[in-house]
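Here's the structure, in structure tokens; my notes come after.
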Amino acid sequence: MTTQHKILLAAAFSAATSLAAHAQTISGTISDALNGDPIAGAAVKYGNGRGVTSDIDGHFSIGVKSLPIKLTITYTGYRPQTLTVYDDEEDIEVKLTEQRNFLNDVVVVGYGTQSRTQLTGSVVTVKADVFENSTASTLDGALSGQVAGLNVTAASGQPGAESSIRIRGGNSVNASNDPLYVVDGFIYYKDASSSGTGLGAIESSLNPLATINPNDIERIEVLKDVSATAIYGSRGANGVILITTKKGKLGEKKAHISYGYSIGLSSVSKHLDLLNASEWAQFQKTYFSNKGGYTDEQIKALGKGTDWQDAVLRTAVQQAHELSINGSTDKSRYAFSASYTDQDGIVLNSGFQRYNFHTNAEWELQKNLKFGINATYGRSKQQGLTTTEEQVFNSSPYSAGITNSFVYALLMPPVISVHNADGSYNFTNPYEYAYFAIGDHAANPVYDLKESVAENVNNYLLSNVWASYKLGGFTLKATVGLSSEKLTQNYFSGAYTSLGLATQGIGGTGNRQTDVWQQEYTLSYNKELGIHQIDALAGYTKQTSTSTHSAIRTNHFTNETLKQYNLGDGANIYTPQTGISESTLNSLIARVNYTLLDRYNATATFRADRSSRFSKNHRWGYFPSLGLSWNADKENFLAHARHIDYLKLRLTGGLVGNQEIPDYAFSTSYNTGSYGGSSSYAKANTANDNLKWETTASYNLGADLGLWGGRFNVVLDLYYKKTSDLLLDVPMGFANGVTSQLQNVGNVENKGIELAVNGTLLKRRHLQWTASANLAHNKNEITNMGKTNNVIQGADNQQILRKGEALGSFYGLQFVGIVQNGEDVSQQPTVNGLTPKAGDAKFADANNDGKIDGNDRVILGSIQPDLTYGFSSQLQVREWDFSVTFAGSHGGKLYNALGRRLEQTGDSYNVLSTVKDAWTAERGGNTLPLASTSRPFSYIDSRYVQSASYLKLRNLTIGYRPRLPKSFPLSLRIYATASNLFTLTPYKGYDPEVSGGTDRGAYPSARTFTFGVSITL
Amino acid sequence: MNAKTLLTAIAVATTLTARGATGQNDGIITIAASKTSKPLVERWIEGYKTLHPHVQIVVMSGGTTDADLTLTLAPTPSNPQETPTKVTYVARYALLPVTPASNPLLADIQQKEWKSKDLKKLFFRAEDLDEEYEEATESKHNRLYDKLTVYSGSSRKSVTRTFAAHFGRRADDLRGNRIAGDDLYLLSAIEEEKTAVTFNTLSNLYDLTSRTLSPNLVLLPLSVKKAQSEALLSGNLDETLQLIESQHIDLIPVEDIGFTYQTTDADIDQFLRWVVSDGQQYNHQQGFLRLPQNS
């Protein structure tokens, strides 16, 4: 350009500016002050309530009549900036700085996001670092101890096994108490009808959360109160867990590639102290018939003998590979990950493997039109233990406390060897004459575990596509998705295994195909009008679920080589099991958030659900909620309180529902079978035309407080929940042809208090130290049981549903000691008509009728803990990082059925060493009665309802990021993690964490040491 | 601006176009300068043209990107993707903190001797959480800082970056409100908000005719030697310039001003040589510091 032209243009520009001053356009760019990334979606307000938002490149432009003009630029999570524009000689550059403030978080809520300042509900966010520091293969393992009021109880130590997750206690008896999981805005639906294939015989079930790789998770929101969960209406009663997976970050055009590898060693965290060979032989000689015919010298020479506990346990290796790639372009962002986990279990032949591929991408197709896809495909395989299964007759090994081969190993006499002298398996056990021996052949638990098959294999695809179109303040979004899972269960126990002995081998295979289609159509509207801010949402969702299953079992095998892959070899075929189950859920949803003056917030939510699971007249359920919150810190009287960053008070109330019952529970149904070579039908369920929604009315009062410049945050919540029309299996009279029927009966209440604090203790350039702690108390009570009070449950009749007591209450006799020599027994209540003698157990005569029977049973506590708590801390010192996580529970009880079994004396099975202190005439004793072959009282007693309180060091990690030369194109972190390093507990079994409240010999938990490296390009 | 201005502009444009048509385009230099520095440039041109009347030098707005020379008040970040830019330093400027004379907190402000630590606390956000903690735990009655609103510039060409860099911070770390536009407007902004504080060049703070501080502004009393303080608080521009040129005062940011350019020709070279020598005599007149003697 020539000089003249430059000047000409300058002059003309000046003139034009002058002339057009009444209608000029100013434009600028908004970016992150720290990294320069453009900020899309920042609000630029000017004039009287007018405003625009920045585009994907952070650009904005506005037409103004004159200058100067004052702009206010806001974006959640950043400090607002006031900027007065005096001239437009150059583009405006706005650099926003991040604001460290809990309330500035954007929180993911149902069907959208919301600023925490505007939130009315109780929502807790768990960030990605929690999952990165944990080596748990499923997210529930990492959540333990992280959220006040969220109680995670591992079902067992079996790799890949599910956990019991309860948010603010359990509401329901027969309907599910599991929270609802929503992955990237899409409901991950675990149907109550779709957990198995009908095969049975496999002890563990695969964790539904195993489909999600924890390292793909960007954040998790736990919605606890009704204002937050009501948008999920029928499925919000148990709380909602929103999982957001990692995405490429807009503006970061360089792809981030990371790879991680870890390897770990696991071993059992606690050994039970059982008698060794010498002790057991001596015990047999002293109290029983000394079947082995051992002399005292021989007994001494036996030494430790076989430690069957050690024989079935092992040091297990686990390893994981992770690859993730994410990034963005001008109009798109993407994330992809692939992972492989291979985790051997500490019990022989058990383990968990998973391949998982995840992708998450979105494109801006045209201005205001976006399209996205989320997909996870994977395959998980769990090798577990075969179970003896619960039988309804007294002579089954299960009812005798032998639930699986691992438990059987604990019972094996230590004088029996695993192998014969020639190295072959030893199938001779003269002490076994009850359940697991036929003729000369006795079961060998090591062989059982190594040769039996108990597999769950799940192939899954979770996918959805969505499109959204923005028009002014309106956004229309449509999402369609499919969750498809194919579960295969394989089971085989050969002729020399415990379960195959009687049948010359038994095997089976089962399949379940579950397809859940979901459609969601929402219209949202967002508008700021001066001091008013409105965010509204309305929509329709539909979910169609179809689940089919088939299972076949055969026995009497002549060739076991191909195991379950040659079922045709089984001469005897059980009746094949097949079935289909379908359900639909149509829902209308609506929500309005209103904020006045950035101080006063209201959220009104309504959802109407129509579920096919209820009878025709009761299919619609209506679930409204209202939440209010007040940002008190913005009031004048607190505005200058320097030590207070924010203070928010929240109050919410509303109704949510529960429909997690099997399909067709409202109708009459029959089970097919065979009888005398012909088909037969047995009534399985009798119709209930009045079956309707279980509803939970919930109220929450909460406060969020931030102090000292984001240094210390406190969240306090008080809540009350009342569940009505409880879905309860009510015992039925014989005339109905069924033993029970699902009815809407009774109420359960939960009330509690939760406190969470987190603080930054130090934050300097090379030294950062943070800590967080949470504490929750929940009181659970059945307040109404209708006409069906006192429903006794459990294989040992150990639990009871009773008005005035908590769900999961234990019911049994109160043990008071052992009758001592010379004790006056004339006043002792009789047992089975007999007066107890010295060495017998004594129980409290609760009803003072002079005899001990079922009427003397009392409540012995419940599975509900009084307190659950967690503590975690992270320290970063230059290149080093340390983190520690504790989790604890106090006041809950657990029925130690395994302990009861292992303190039951006899001439067949090994016992705990505590039995050495059983009462004898010589030394007395006040815990265990005189050893004998008598079976224990048919009612459980207080000795075995034990405290399940614990404090666990869940995770201890040390990491190091070496300083690499700048020319290196990568960063590196090396770390070591110890999981379950120690557990402080008075519980006498393996581990106090057993879901359901009964420890029948659950797979023991492991202590794991993991070493890993992660590389980021 | 009005129709008269427009007509003038059109006349200039017409003249230049005519010159271009006749091939008489030699000796025209274009200079981009902000409103703050424009009077200095114009004074230089005036002085230069007395010696070289044939040379035409036109001053363009600060936003112009293709002028022959651009007078830059703030250090430009190095961007390897841009064409290397040459710089000839031609003056210096000093920044002083000010508040409106009508500030209701003036007595509190003047009661204090502002040390570097105080200025940092006043103008910048806490550097880390520990500092935030210290601030937060101080009694709010002592927090004069919180009652004052800081105004600073958002432009890349603003002296804000110089001010922040002097105190070891980044422009993004400044508290309070921003303006878009020339730094001159910072003084307009604090007129609107009486409890405001800002900083600016001497050329904008002082009346160049009366050689005194603008009557509606008051300097923040700095914690300097008594003689230095007296000179600063005298409100006399020349005494202030003399002081800052002769003594290093840690609390006063001083920065070079330079002409940046991609290429030059003989006319431009000649002009630049004149500015760094004879042209220095006009710097004080316009409120700027001269180049050091040995530069």
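Some notes on this structure:
- Every condition in (1) crowded, with 19+ Cβ neighbours inside 10 Å; (2) closer than 27 Å to residue A:646 by Cβ is met by residue A:28 except one, and the failing one is (2).
- Scanning segment B:170-184 for residues that are over 21 Å from residue B:144 (Cα atoms) and in contact (Cβ under 8 Å) with a residue 24 or more places away in the chain yields B:179, B:180, B:181, B:182, B:183, B:184.
- So residue A:726, is it under 23 Å from residue A:784 (Cα atoms) and in contact with a strand residue (DSSP E or B) (Cβ under 9 Å, 6 or more places away or on another chain): yes
The rows are residues; the columns are (1) of a type in the set (Gly, Ala, Ser); (2) not in a strand (DSSP E or B).
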position	(1), (2)
A:234	yes, yes
A:244	no, no
A:247	no, yes
A:280	no, yes
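- For residue B:248, the conditions (1) outside any helix (DSSP H, G or I); (2) within 29 Å of residue B:64 (Cβ to Cβ) are fulfilled apart from (2).
- Of all residues in segment B:254-270, exactly one satisfies the criterion of being among the acidic types (Asp, Glu) and touching a helix residue (DSSP H, G or I) at 6+ places or on another chain (Cβ under 9 Å), namely B:255.
- Test result for residue A:680, assigned to a strand (DSSP E or B) and surrounded by fewer than 17 Cβ atoms within 10 Å (Cβ to Cβ): yes
- Against the test of being in contact (Cβ under 8 Å) with a residue 40 or more places away in the chain, within 14 Å of chain B (Cβ to nearest Cβ) and not basic (Lys, Arg), the options A:119, A:96 yield a single qualifying residue, A:96.
- Filter result (under 30 Å from residue A:559 (Cα atoms) and touching a residue at least 60 places away in the same chain (Cβ under 8 Å)) within segment A:502-533: A:502, A:503, A:505, A:506, A:507, A:508, A:509, A:510, A:511, A:512
- Number of positions in segment A:26-82 that are more than 10 Å from chain B (Cβ to nearest Cβ), part of a loop (DSSP other than H, G, I, E, B) and hydrophobic (A, V, I, L, M, F, W, C): 4
- Sole exception among (1) within 35 Å of the chain's Cα centre (by Cα); (2) modelled with pLDDT of 90 or more; (3) part of a loop (DSSP other than H, G, I, E, B) for residue A:938, by number: (2)
- Exactly one residue out of A:788, A:770 is within 14 Å of another protein chain (Cβ to nearest Cβ) and surrounded by fewer than 20 Cβ atoms within 10 Å (Cβ to Cβ): that is A:770.
Here is a yes/no grid of residues against (1) in a strand (DSSP E or B); (2) at pLDDT 85 or above:
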| site | (1), (2) |
| --- | --- |
| B:43 | no, yes |
| B:49 | no, yes |
| B:57 | yes, yes |
| B:63 | no, no |
| B:71 | yes, yes |
| B:82 | no, no |
| B:91 | yes, yes |
| B:96 | yes, yes |
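- Evaluation of residue A:878 against (1) of a type outside the set (A, V, I, L, M, F, W, C); (2) surrounded by 13 or more Cβ atoms within 10 Å (Cβ to Cβ); (3) assigned by TED's automatic domain parsing to the domain that holds residue A:977; (4) modelled with pLDDT under 90 (one fails), failing number: (2)
- Of the candidates A:665, A:590, the single residue that is within 27 Å of the chain's Cα centre (by Cα) and either closer than 30 Å to residue A:738 by Cβ or not in a loop (DSSP other than H, G, I, E, B) (or both) is A:665.
- With respect to (1) under 20 Å from residue B:109 (Cβ atoms); (2) more than 10 Å from chain A (Cβ to nearest Cβ); (3) at pLDDT 85 or above, the lone exception for residue B:161 is condition (1).
- So residue A:334, is it in contact with a strand residue (DSSP E or B) (Cβ under 7 Å, 6 or more places away or on another chain), surrounded by fewer than 21 Cβ atoms within 10 Å (Cβ to Cβ) and touching a residue at least 24 places away in the same chain (Cβ under 8 Å): yes
- Test: residue in segment A:653-661 that is part of a loop (DSSP other than H, G, I, E, B), under 31 Å from the mean Cα position of the chain (by Cα) and among the aliphatic types (A, V, I, L, M): yes
- Positions within segment A:689-718 being assigned to a strand (DSSP E or B), within 30 Å of residue A:619 (Cβ to Cβ) and aliphatic (A, V, I, L, M), in sequence order: A:697
- Within segment B:177-226, the set of residues being farther than 22 Å from residue B:105 by Cβ and within 14 Å of chain A (Cβ to nearest Cβ) comprises B:180, B:181, B:182, B:183, B:184, B:185, B:204.
- Within segment A:800-812, tally of residues that are within 23 Å of residue A:927 (Cα to Cα) and either at pLDDT below 95 or of a type outside the set (A, V, I, L, M, F, W, C) (or both): 2
- Meets criteria (facing chain A (nearest Cβ under 10 Å), not aliphatic (A, V, I, L, M) and not in a strand (DSSP E or B)) for residue B:229: no
- Residue in segment A:826-865 that is nearest to residue A:987 (Cα to Cα), counting only those that are of a type in the set (S, T, N, Q) and part of a loop (DSSP other than H, G, I, E, B): A:864
- Picking from residues in segment A:745-767 that are within 11 Å of chain B (Cβ to nearest Cβ) and assigned to a strand (DSSP E or B), the one that is nearest to residue A:870 (Cα to Cα) is A:759.
- Selection from segment A:458-499 of residues that are in contact with a Phe, Trp or Tyr (Cβ under 8 Å, 6 or more places away or on another chain) and more than 28 Å from residue A:338 (Cα to Cα): A:473, A:474, A:475, A:476, A:477, A:494, A:495, A:496, A:497, A:498
- When restricted to residues that are in a loop (DSSP other than H, G, I, E, B) and at negative phi, segment B:167-188 contains 6.
The values are calculated or read from the model by the stated rules, or taken from the named source; none is laboratory data. In this text the structure is predicted, and so the values were computed from the model without any measurement. Methodologically, a virtual Cβ is constructed for each residue, glycine included, from the backbone with ideal geometry; neighbour enumeration extends over all protein chains shown.
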